[in-house]
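Report on one structure; see the data block that follows.
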Amino acid sequence: MSVYHQKKTFFYAFRQVLPIIFSYLVVGFAFGIMMQEAGYTWLHALLASIFIYSGSLQIALVPMIVAHTPLLVMAASAFLINSRYMFYGIGFTERFKRQGKLYPYMIFAFPDEVYCVFCSTNYPPDVDPVRCDLWSAVLCHLSWIAGGVIGAAFGDMIPLDLSGIDFAATGLFVCIFVNQWLEFKSHLPMYIGLFSGLLCLLLLGPDNFMLPALSLSLVLLVIFKKRIEGKEALESHEA
């Protein structure tokens with residue numbers, strides 16, 4: 001790539017993840033405050049943000065550490081909280097392999113919000129999609145780390161009400177759903193997701209439905225894969 005293309009790729013990645021950067025700074029800041037109030041330093045927040053990089057898990061981890069929760073219980077909780085990423089990553093295996101030696105990092109740096117960005121990005125012809133994906137992941141990760149460190153180091157000096165911030169992820173997923181509905185000819189995957197989610201929610205309740213719903217969605221998508229791809233191909237040919 002030329003120097004011009006490198007710069008354009010970076011700034012394109014920066015623009016597409018800018019809303020996530022702002023939200024990560026705020027939520028990471030809240031995590032840092034929690035670490036500070038639990039008696040830990042900015043260094044602990046730094047290491048947690050680098051090596052865990054999961055907002056829901058990190059925030060849930062603080063009270064578990066304070067309560068001296070057994071490691072086995074914490075490990076099981078971490079698996080259950082983050083198991084949804086296994087479903088997200090299935091469709092991005094080949095895409096991430098293009099990163100070469102950085103393939104493991106792309107798997108690691110793939111939280112909900114980055115997944116949403118990757119699902120809805122249409123790269124301009126002069127933007128390198130491989131570099132753009134990498135920059136998007138790195139910028140989001142760095143903003144999360146920065147938020148946690150700043151919160152742990154200076155949180156007690158800045159009064160901030162973070163009530164309702166957890167709804168940001170829900171709003172982001174709604175936007176992605178609408179975008180997918182408008183962009184794709186076949187709406188069958190969306191119907192499958194809605195059906196699976198509602199069915200498991202009614203049968204299992206709000207605390208236990210997520211993993212079964214994702215599993216059911218995956219099975220149904222595999223069953224109807226040829227039909228979905230066939231409809232997409234037919235519509236594209238007609239267009």
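The values are calculated or read from the model by the stated rules, or taken from the named source; none is laboratory data. Since the structure is predicted, the reported quantities are computational estimates derived from the model, not experimental observations. Neighbour counts are summed over all protein chains in view; Cβ atoms, including those assigned to glycine, are modelled from backbone coordinates with ideal geometry.
A few remarks follow.
- Boolean, residue 97 is free of Cβ contacts under 8 Å to residues at least 12 places away in the same chain and in contact with a helix residue (DSSP H, G or I) (Cβ under 7 Å, 6 or more places away or on another chain): yes
- Which listed residue is of a type outside the set (Val, Ile, Thr), under 16 Å from residue 109 (Cβ atoms), touching a residue at least 24 places away in the same chain (Cβ under 8 Å) and assigned to a helix (DSSP H, G or I), from 16, 36: 16
- Among residues that are buried (at least 17 other Cβ atoms within 10 Å of the Cβ) and under 29 Å from residue 154 (Cβ atoms), residue 44 is included.
- Counting only residues that are surrounded by 14 or more Cβ atoms within 10 Å (Cβ to Cβ) and modelled with pLDDT of 80 or more, the stretch 195-212 holds 8 of them.
- Only a single item in (1) in a helix (DSSP H, G or I); (2) more than 19 Å from the chain's Cα centre (by Cα); (3) surrounded by 13 or more Cβ atoms within 10 Å (Cβ to Cβ) is not met by residue 69, and it is number (1).
- The set of residues from the stretch 43-58 being part of a helix (DSSP H, G or I) and either among the basic types (Lys, Arg) or closer than 15 Å to residue 25 by Cβ (or both) comprises 45, 46, 49, 55, 58.
- Residue in the stretch 87-99 that is under 21 Å from residue 217 (Cα atoms), not β-branched (Val, Ile, Thr) and not in a helix (DSSP H, G or I) present: yes
- Failed criterion for residue 24 (all others in (1) in contact (Cβ under 8 Å) with a residue 40 or more places away in the chain; (2) in a helix (DSSP H, G or I); (3) over 16 Å from the mean Cα position of the chain (by Cα) hold): (3)
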